[in-house]
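The values are calculated or read from the model by the stated rules, or taken from the named source; none is laboratory data. The structure displayed is predicted, hence computed values, not measured ones. Please note: Cβ atoms are built from the backbone with ideal geometry, for glycine as well, and neighbour counts cover all protein chains shown. For the accessible areas, the whole protein counts, side chains as well, though only heavy atoms, and no ligand, DNA or RNA atoms are used. Shrake-Rupley method; radii C 1.70, N 1.55, O 1.52, S 1.80 Å.
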Amino acid sequence: MKYKNLFSLKNKVSVVTGAAGILGNEFSIALAEYGSHIALIDIDQNSLDKIARMLSKRYGIKSKGYVCDVSNEKSVKHTVIKIEKDIGKIDILLNNAATKTDSLEEFFMPLEKYDLNTWKKIMEVNLDGMYIVAKEIGSRMAKRKKGSIVQTSSIYSSLMAPDQRIYKGSKYLGTSINTPAAYSVSKAGIVGLTLHLASYWGKNKVRVNTLSPGGVFSGQNNKFKENYSKRVPLNRMADKEELIGAMLYLASDASSYVTGQNIFVDGGLSAW
């Protein structure tokens, strides 16, 4: 056996939700480089079209963007039908979409002032959307008796709570930040969903795993980087590219006997 072929995704069809985001964009590039055709799902058509053109031109694969509200079941069903008609039957799902809502100030409000509507908006995308997409695509995989689903969670989920001390003086894109309870709860729900689906669809040869990143640099100020890095054995935040190896492992046949697992890419933070 040529073991490097275990990672090959040639002629497979992958769906990436949240594809225009920081991680989703990088995940899509990596999947295409390994030979997969890519269906990109997000809410910004211009960004999706730009990414799809780049992937098709650079890697010679089929790629197309689809505007879809993952929290809307009808929208998801319609989009999945279009994807399988345009590109082919889906082999891999990177269930990655998440939201900070339309207002960073509302998203980062302290718990005592947190608006219930903001909480609900986060849950609708981060958890409801994750379930709806997994249900629609995973059911199709189960009927064909093959498929891999990778769901993006966080270290701040069922494993640990955020260390409130690191947020003093910390900002993201100029806004004072924390990790809201709604974020932690929604990400914990993803881990539970993964476990349930892995056991439910195991007999159908559909694998479901969670990828849980630690802090990824994406616009935080130096104070946050300094505070967070002190908590990490590797003494720094992650670069987005450093999540790719674990993602490819879970998406590909290299992990053919792995399901129901939560892989942490956190620089060792969870070791403490």
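Which one is farthest from the chain's Cα centre (by Cα), of the residues in region 39-58 that are polar (S, T, N, Q) and under 19 Å from Thr99 (Cβ atoms)?
Taking region 39-58 and keeping what is polar (S, T, N, Q), we get 45-47, 56.
Right, trim to under 19 Å from Thr99 (Cβ atoms) and you get 45-47.
Details: Gln45: 19, Asn46: 21, Ser47: 17 Å.
For region 39-58, the residue satisfying everything is Asn46.
Take the residues in region 1-49 that are surrounded by fewer than 18 Cβ atoms within 10 Å (Cβ to Cβ) and basic (Lys, Arg), then tell me which one is nearest to Gly129 (Cα to Cα).
Lys10
I need a count of the residues in region 137-171 that are open to solvent by 30 Å² or more (accessible area, probe 1.4 Å) and not small (Gly, Ala, Ser). Explain how you work it out, then say what you get.
From region 137-171, those open to solvent by 30 Å² or more (accessible area, probe 1.4 Å) are 139-140, 143-146, 158-161, 164-165, 168-169, 171; that's our starting set.
Then keep just the ones that are not small (Gly, Ala, Ser); that gives 140, 143-146, 159-160, 164-165, 168, 171.
Final tally of qualifying residues: 11.
Among the numbered criteria (1) out of contact with any Gly (no Cβ under 9 Å at 6 or more places or on another chain); (2) polar (S, T, N, Q); (3) over 30 Å from Val13 (Cα atoms), which single criterion is violated by Ser148?
That leaves (3) as the condition not met.
Look at region 235-248 and say how many of its residues are surrounded by 18 or more Cβ atoms within 10 Å (Cβ to Cβ) and not aliphatic (A, V, I, L, M).
Number of matching residues: 0.
Quick one: which residue in Val232, Val265 is open to solvent by less than 60 Å² (accessible area, probe 1.4 Å), in contact with a strand residue (DSSP E or B) (Cβ under 7 Å, 6 or more places away or on another chain) and of a type in the set (Val, Ile, Thr)?
Val265
With the requirement that a residue be open to solvent by less than 20 Å² (accessible area, probe 1.4 Å), over 14 Å from Pro162 (Cα atoms), assigned to a helix (DSSP H, G or I) and in contact with a Phe, Trp or Tyr (Cβ under 7 Å, 6 or more places away or on another chain), what does region 177-225 give you?
Of everything in region 177-225, nothing turns out to be open to solvent by less than 20 Å² (accessible area, probe 1.4 Å), over 14 Å from Pro162 (Cα atoms), assigned to a helix (DSSP H, G or I) and in contact with a Phe, Trp or Tyr (Cβ under 7 Å, 6 or more places away or on another chain).
Do you know which residues across region 66-95 are of a type in the set (S, T, N, Q) and open to solvent by less than 20 Å² (accessible area, probe 1.4 Å)? So that I can check it myself, show each step before the final result.
First pass over region 66-95, keeping only residues of a type in the set (S, T, N, Q): 71-72, 75, 79, 95.
Those that are of a type in the set (S, T, N, Q) and open to solvent by less than 20 Å² (accessible area, probe 1.4 Å): Thr79, Asn95.
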